[in-house]
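Presented below is the structure to which this report refers.
Please treat every number below as a calculation from the coordinates, not as lab data. Quick caveat: nothing in here was measured; it's all calculated off a predicted structure. Cβ coordinates were reconstructed from backbone atoms using ideal geometry, including for glycine residues, and neighbour counts include every protein chain displayed.
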Amino acid sequence: MFLFDTDHLIILKQGMGADFDALAAKLKDQSAEDLFISIVSFHEQLLGWNKYLTQAKDQTGLTRGYRQLENLLSSSAVFPLAPIRRVGHTACRCPS
């Protein structure tokens, strides 16, 4: 199983560069059925683009933000969300 985190998703989105080449090389030996996105990464991306949309000042900004949300949803169709068993203590900011 290969779990994409937020950094991986950003690298894939860029589609070029040394980081992309290294990630692509690592992924070439992975079966498509073993590739997943974490719900935490999905949530981080969703919050980021939602913030972008709330701060958009014109039609161009709104269009870009909504396109990025479309891309985010599309990526979750290509790479399914990993089933969550337990959220880590630091991830949920749970009290001690």
Could you give me the ³J(HN,Hα) list for region 43-58, computed from phi with Karplus coefficients 6.51, -1.76, 1.60 and θ = phi - 60°, whole Hz, x at Gly and Pro?
4, 4, 5, 4, 5, x, 6, 5, 4, 4, 5, 5, 9, 4, 9, 8
How high is the relative contact order of the chain, given as a whole-number percent (alpha carbon pairs under 8 Å, six or more residues apart)?
32
Nothing charged except the Cβ atoms of Lys and Arg (+1) and of Asp and Glu (-1): what's the magnitude of the dipole of the chain about its Cα centre? Round to the nearest 20 debye.
360
Among Gly61, Leu3, Ala77, pick out the residue whose Cα is farthest towards the positive end of the charge dipole of the chain, where Lys and Arg carry +1 and Asp and Glu carry -1 on C-beta, about the Cα centre.
Gly61
Distance between region 46-83 and region 1-16 - C-alpha centres, whole angstrom:
15
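Provide the FRET efficiency to the nearest 0.05 for the Ala56-Lys13 pair, computing r from the beta carbons and using R0 = 22 Å. Each step should come with its number before you reach the end.
Values: r = 19 Å, r/R0 = 0.86.
FRET efficiency, Ala56 to Lys13: 0.70.
Percentage of Cα-Cα pair distances in region 2-92 greater than 24 Å, rounded to whole percent? Before the final figure, lay out each step's value.
On the way: 1158 of 4095 pairs.
So the pairs more than 24 Å apart make up 28 percent of the total in region 2-92.
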Taking the chain as a Gaussian network, where each spring joins two C-alpha atoms under 10 Å apart, which residue of Phe42, Phe79, Phe20 fluctuates the most?
Phe20
